[in-house]
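Every number here is computed from the coordinates shown, using simple stated rules; none is lab data. In this text the structure is predicted, and so the values were computed from the model without any measurement. Cβ placement follows ideal geometry from the backbone for every residue including glycine, while neighbour counts extend to all protein chains displayed.
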Amino acid sequence: MPGPIRRELGVISDQIRRNRRELLVICSAVLFLTLARYHSIGESWADAVVFYAALPLATILLLMRRNPVDFGLRPGNWRLWCVYVAVTCLASCPILFAFSKVDSLHTYYSLYDFDIWSYLPRIIVYLTAWEFLFRGYLLFGLKSRFKEASILIQMVPFVLLHLGKPELETISTIPMGIYLGYVAYRSNSFLPAVIIHIFINVLFRVFTNLL
């Protein structure tokens, strides 16, 4: 093998070795999102459990050989995140009510036979798994290498998954993705992101379909 090619292969091999965990986290997360798109089980909550929670957890345990608790699955600084959750939920109420009256959002989220009691368990499971993938697996999987930049990295696929939804919502996920990532990062837990996301989703559904 010619010397220049051997040297280049050596450089590539060294870069992979030094960044193997970050490569695994990013590539596997993108793979799981792709698999969820093309191999749906049939129910969105079931897809989320398998592709957004079970597969990342299996990757952490079997390939990384790390404790899943290190990926945001701990209470963290709960005194801090309780404040973030309370302030965010209170501040979001009038904003969500106003957004629920926007034609594009109202039309997209209106359901003829909306039943909050059947909706709640499904959305809680779905968003818990969803938040684990972004504000758990991705954020904490990249935190040690990229520090605060991991907040921005996890925001990108989060926003891209909203493409196809109303434009106003998709644009709003840029600051919201950064904010949820920041709260999880500061709190050392993905739990506040779960609570905030569930609150926003359920309250918006109520405003859209019941008020």
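For the options Phe132, Phe158, Phe146, a Gaussian network treatment of the chain with springs between C-alpha atoms closer than 10 Å singles out Phe146 as fluctuating the most. Computed from label points 7 Å out along Cα-Cβ, the spacing between Leu163 and Leu31 is 2.2 nm. Taking the number of Cβ atoms within 10 Å of each Cβ as an exposure proxy, the fewest-first ranking of Leu33, Leu142 is Leu33, Leu142. Sorting Leu24, Leu96, Leu90 by the number of Cβ atoms found within 10 Å of their own Cβ, with the fewest placed first, yields Leu90, Leu24, Leu96. Residues Ile151, Ile116, Ile124, Ile195 in ascending order of nearby Cβ atoms (within 10 Å, fewest first): Ile116, Ile124, Ile195, Ile151. In the chain, helices alone account for a calculated mean residue ellipticity at 222 nm of -22500 deg cm²/dmol, with every DSSP H run of four or more residues adding -39,500 (n - 2.57).
Computed with the Debye formula from one identical point scatterer per Cα of the range 3-209, without solvent, the log10 of I(q)/I(0) at q = 0.15, 0.19 Å⁻¹ comes to -0.98, -1.48. Which residue, Tyr137, Tyr185, Tyr84, has the most motion in a Gaussian network model of the chain that connects Cα atoms within less than 10 Å? The residue with the greatest mean-square fluctuation here is Tyr84.
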